[in-house]
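The values are calculated or read from the model by the stated rules, or taken from the named source; none is laboratory data. It should be emphasised that the depicted structure is a prediction, and the values quoted were computed from it without experimental measurement. Backbone-built Cβ (ideal geometry, glycine too); neighbour counts: all protein chains shown.
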Amino acid sequence: MSAFVGKYAEELIKNAKYIATPGKGILAADESTGTIGKRLSSISVENIESNRQALRELLFTTPNALSCLSGVILFEETLYQKTSDGKPFVQVLEENNVIPGIKVDKGTVEIAGTNGETTTQGFDSLGARCQQYYKAGARFAKWRAVLKIGPNEPSELSIQQNAQGLARYAIICQENGLVPIVEPEVLTDGPHDIQKCAAVTETVLAAVYKALNEHHVLLEGTLLKPNMVTPGSDSPKVAPEVIAQYTVTALRRTVPPAVPGIVFLSGGQSEEEATLNLDAMNKLEVLKPWTLSFSFGRALQQSTLKTWGGKKENVAKAQEAFLSRCKANSEATLGKYGGGSAGGLASESLFVKGYKY
Amino acid sequence: MSCFISKYADELAKNAAYIGTPGKGILAADESTGTIGKRLSSINVENIEENRRALRELLFTAPGALQYLSGVILFEETLYQKTAAGKPFVDVLKEGGVLPGIKVDKGTVELNGTNGETFTQGLDGLAQRCQKYYEAGARFAKWRAVLKISANEPSELAIQENANGLAMYAAICQQCGLVPIVEPEILVDGSHDIKKCAEVTERVLAACYKSLNDHHVMLEGTLLKPNMVTPGSESPKVAPEVIAEYTVRALQRTVPAAVPAIVFLSGGQSEEEATLNLNAMNKLQTKKPWSLSFSFGRALQQSTLKAWAGKEENLKRAQDALLVRCKANSEATLGTYKGDAKLGEGAAESLHVSNYKY
């Protein structure tokens with residue numbers, strides 16, 4: 001084959017397919033220490049390990065939430081943490097049929113000579129690190145590439161660099177038993193319209209799949225985590241049905257059917273927006289050879305975080321909020337979301353300009 | 001959109017989807033004058049315009065055949081020809097619910113410095129020619145790029161040149177209202193196994209779709225005409241189910257769902273082989289967001305040609321032979337072919353010619 005079929009091939013295909021199970025999706029709980037610090041400080045909670053541990057325990061032990069999830073992406077620290085009872089988080093997830101995943105990139109750095117465009121680092125010892133993570137129970141990985149829309153952006157250089165980076169990361173993961181989530185995020189920042197976002201997204205995705213082919217990546221053992229196609233953050237909003245139409249068209253034009261599932265990032269959309277858009281896509285009457293699901297961070301945790309406020313006595317209510325978003329998104333993957341799980345918090349925009357993890 | 005929205009966008013999408021109608025496929029009757037000459041001489045018929053016209057009339061007026069076809073690819077001469085009664089072929093086809101198509105490439109030339117690899121010419125004045133063809137009634141076009149498998153082939157140069165040529169041709173066609181059939185044929189010649197063919201096919205198709213994206217081609221208004229994935233001509237044959245599995249997997253890994261239909265070339269397979277392989281693909285229980293059909297030349301005409309032998313008294317026999325193959329392939333697009341088509345003379349005969357040139 002053009003694809004590398006190593007010793008993990010069958011397992012990769014099986015795990016990728018499982019993550020793409022209709023009715024389930026991914027909780028992105030892989031905020032780095034710095035990033036989770038910003039979240040914690042927004043609710044006046046100190047950024048120390050026990051608080052980071054408490055937050056993740058709150059999420060992973062929410063009764064009935066895990067049945068809505070097929071995977072959780074973790075930051076390295078979290079992969080080795082336990083509940084207050086001493087049970088490893090990885091075990092909590094596995095016992096509930098949720099596959100643990102691991103963020104393996106080391107953030108972005110600027111590409112010299114460009115207008116603030118970036119490439120993603122993390123290749124050093126990546127193979128060895130993946131092996132360690134596999135031993136610790138991880139079965140999928142995530143690597144975020146970032147592109148922006150501007151008058152001359154994204155540049156061909158940025159597109160190529162990020163596509164090649166994603167492809168190289170992907171094959172190294174597959175060599176070591178981890179399903180790579182391929183994430184080429186085109187930021188929403190900007191005054192551009194939805195057509196522009198669509199054009200850029202299609203160009204970027206075409207480059208990504210060309211690179212994956214060149215690097216012999218086994219598509220059946222990968223997942224895609226793209227942005228939805230939307231107007232820029234400085235442009236008037238449009239209806240979920242419009243977003244659904246442009247997004248699914250872009251994907252139909254670029255993502256080969258061999259990819260089992262597409263798990264969208266929420267990129268600053270409010271919890272409710274993200275759910276409504278995902279629901280609209282799954283309601284769309286057009287042929288979609290991959291499942292359409294979620295890999296949400298902020299759009300699953302925002303109201304949970306606010307409700308918790310770092311206080312033990314709020315845990316139960318916070319967990320209710322979390323379950324509510326999980327259920328809503330689970331329904332959205334089936335095109336069955338009826339709306340109405342939007343508390344005031346759920347409608348709050350989570351857009352942060354020039355967002356850095 | 002990343003793609004250029006031609007004023008013909010809706011029409012292109014509609015015509016491409018129509019050509020992919022389940023139960024229908026394409027008759028490739030676009031043999032150039034030189035090539036049809038070889039066919040005619042194989043049945044001792046003189047290569048003059050009247051005989052070329054008579055053969056095509058035989059095909060297009062075969063009773064009951066047109067219902068199994070959504071398109072016919074024509075050579076330029078044929079686009080302007082008529083039946084003996086004076087009806088333009090284009091009208092015969094349209095009345096039968098068949099879209100006329102036109103071959104627009106001008107053959108292959110060798111790529112300097114390679115080991116006999118080629119690129120396809122025909123871009124000069126292509127837009128003007130397409131406009132004329134559209135006026136004459138054509139609604140789709142075809143351009144054949146050729147690659148080969150060997151120790152060091154296909155080279156990156158050959159892949160890029162041919163992918164780029166296909167993309168430029170496709171973009172021009174769309175601007176002129178013709179649905180481009182994108183044909184990157186990887187020749188079956190060689191001693192390689194089916195895995196090698198799969199690997200090369202995936203690489204070539206990935207390059208094609210990257211180029212099409214670069215050139216802003218609207219995929220919903222295109223068709224793909226690939227080779228099936230098979231062992232090389234000098235390698236042991238495999239079962240249709242194996243060919244089906246490797247072929248569909250290669251397509252799943254490279255062809256976006258926006259492409260409405262894939263119409264296979266027969267490339268030297270016998271009539272029956274080609275039908276059985278197509279049938280096996282349509283029986284396969286797996287993700288196929290595009291319809292899988294045929295664009296056969298030799299694999300639709302071989303037994304018809306032999307039955308005709310250039311004699312008017314053989315007309316009915318010849319037309320019956322064509323109907324048999326059209327019906328068989330129509331069933332194959334639905335996965336319902338039972339392998340029971342009355343085999344005409346030569347239907348099981350391999351049509352492979354080494355290093356075949358049109």
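Computed quantities for the displayed model
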item	result
Scope region B:115-133; condition surrounded by 14 or more Cβ atoms within 10 Å (Cβ to Cβ) and either among the acidic types (Asp, Glu) or touching a Ser or Thr at 6+ places or on another chain (Cβ under 6 Å) (or both); matching residues	B:Glu117, B:Thr118, B:Thr120
Residues that are within 14 Å of chain B (Cβ to nearest Cβ) and either within 21 Å of A:Arg325 (Cα to Cα) or among the small types (Gly, Ala, Ser) (or both), drawn from region A:1-21	A:Ser2, A:Ala3, A:Ala9, A:Ala16, A:Ala20
Only listed residue being free of Cβ contacts under 8 Å to residues at least 60 places away in the same chain and within 27 Å of A:Asn176 (Cα to Cα), chosen from A:Lys17, A:Lys106	A:Lys106
Candidate set: region A:184-235, residues that are among the hydroxyl-bearing types (Ser, Thr, Tyr) and under 29 Å from B:Glu202 (Cβ atoms); chosen: the one farthest from the chain's Cα centre (by Cα)	A:Thr203
Qualifying residue in region A:30-37 (condition: on the phi < 0 side of the Ramachandran plot, among the hydrophobic types (A, V, I, L, M, F, W, C) and either out of contact with any helix residue (DSSP H, G or I) (no Cβ under 9 Å at 6 or more places or on another chain) or touching a residue at least 40 places away in the same chain (Cβ under 8 Å) (or both))	no
Any hit, region A:280-298, residues being without any contact (Cβ under 8 Å) to a residue 24 or more places away in the chain, more than 18 Å from the chain's Cα centre (by Cα) and over 17 Å from A:Thr21 (Cβ atoms)	yes
B:Glu273 being closer than 28 Å to B:Ala151 by Cβ, facing chain A (nearest Cβ under 10 Å) and buried (at least 22 other Cβ atoms within 10 Å of the Cβ)	no
Selected residue (only one of A:Asp124, A:Asp193 is farther than 26 Å from A:Ile13 by Cβ, more than 14 Å from chain B (Cβ to nearest Cβ) and charged (D, E, K, R))	A:Asp124
Filter result for B:Cys173 (within 18 Å of the chain's Cα centre (by Cα) and part of a helix (DSSP H, G or I))	yes
Some residue of region A:292-299 being aliphatic (A, V, I, L, M), buried (at least 19 other Cβ atoms within 10 Å of the Cβ) and either modelled with pLDDT under 95 or not in a helix (DSSP H, G or I) (or both)	yes
Residue within region B:36-49 that is closer than 30 Å to B:Ser303 by Cβ, under 16 Å from the mean Cα position of the chain (by Cα) and among the aliphatic types (A, V, I, L, M) present	yes
Only one of B:Asp193, B:Asp189 that is within 14 Å of another protein chain (Cβ to nearest Cβ) and acidic (Asp, Glu)	B:Asp193
Only one of B:Leu69, B:Leu123, B:Leu55 that is within 22 Å of the chain's Cα centre (by Cα) and farther than 20 Å from B:Lys225 by Cα	B:Leu55
A:Ala206 touching a helix residue (DSSP H, G or I) at 6+ places or on another chain (Cβ under 8 Å), more than 9 Å from chain B (Cβ to nearest Cβ), part of a helix (DSSP H, G or I) and over 15 Å from A:Pro151 (Cα atoms)	no
Complete set of residues in region A:235-263 that are more than 8 Å from chain B (Cβ to nearest Cβ) and assigned to a loop (DSSP other than H, G, I, E, B)	A:Ser235, A:Pro236, A:Lys237, A:Val238, A:Ala239, A:Val259, A:Pro260
Conditions (1) part of a loop (DSSP other than H, G, I, E, B); (2) among the β-branched types (Val, Ile, Thr); (3) crowded, with 23+ Cβ neighbours inside 10 Å; number of the one not met by B:Thr201	(1)
Verdict on B:Ala163 being in a helix (DSSP H, G or I), buried (at least 19 other Cβ atoms within 10 Å of the Cβ) and within 16 Å of the chain's Cα centre (by Cα)	no
Selection count, region B:176-197, where residues are under 19 Å from the mean Cα position of the chain (by Cα) and either aromatic (Phe, Trp, Tyr) or under 17 Å from B:Ala16 (Cα atoms) (or both)	6
Pair list, Cβ < 7 Å and 6+ apart or interchain, from region B:159-185 residues that are on the phi > 0 side of the Ramachandran plot to residues that are among the charged types (D, E, K, R) and assigned to a helix (DSSP H, G or I)	B:Gly177/B:Glu11
Residues that are more than 14 Å from chain A (Cβ to nearest Cβ), buried (at least 24 other Cβ atoms within 10 Å of the Cβ) and over 19 Å from B:Leu79 (Cβ atoms), drawn from region B:13-35	B:Lys24, B:Gly25
Residues that are basic (Lys, Arg), more than 14 Å from chain B (Cβ to nearest Cβ) and closer than 25 Å to A:Thr249 by Cα, drawn from region A:279-305	A:Lys283
Residue list for region A:209-228, restricted to those being touching a strand residue (DSSP E or B) at 6+ places or on another chain (Cβ under 8 Å) and either in a loop (DSSP other than H, G, I, E, B) or under 16 Å from A:Ser158 (Cβ atoms) (or both)	A:Val217, A:Thr222, A:Lys225, A:Pro226, A:Asn227, A:Met228
Subset of region B:321-350 (residues that are among the hydroxyl-bearing types (Ser, Thr, Tyr) and either at pLDDT 90 or above or assigned to a helix (DSSP H, G or I) (or both))	B:Ser330, B:Thr333, B:Thr336, B:Tyr337
Test: A:Gly221 is among the small types (Gly, Ala, Ser) and within 14 Å of chain B (Cβ to nearest Cβ)	yes
Matching entry among B:Gly221, B:Gly232 (being modelled with pLDDT of 95 or more, more than 9 Å from chain A (Cβ to nearest Cβ) and buried (at least 24 other Cβ atoms within 10 Å of the Cβ))	B:Gly221
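To keep it simple, each residue is scored yes or no on (1) more than 24 Å from B:Ser350 (Cα to Cα); (2) crowded, with 19+ Cβ neighbours inside 10 Å; (3) touching a strand residue (DSSP E or B) at 6+ places or on another chain (Cβ under 9 Å).
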position: B:Glu135; (1), (2), (3): yes, no, no
position: B:Ala145; (1), (2), (3): no, yes, yes
position: B:Ile149; (1), (2), (3): no, yes, yes
position: B:Asn152; (1), (2), (3): yes, no, no
position: B:Ala167; (1), (2), (3): yes, yes, yes
position: B:Ala170; (1), (2), (3): yes, yes, yes
position: B:Gln175; (1), (2), (3): yes, no, no
position: B:Leu178; (1), (2), (3): yes, yes, yes
position: B:Ser191; (1), (2), (3): no, no, no
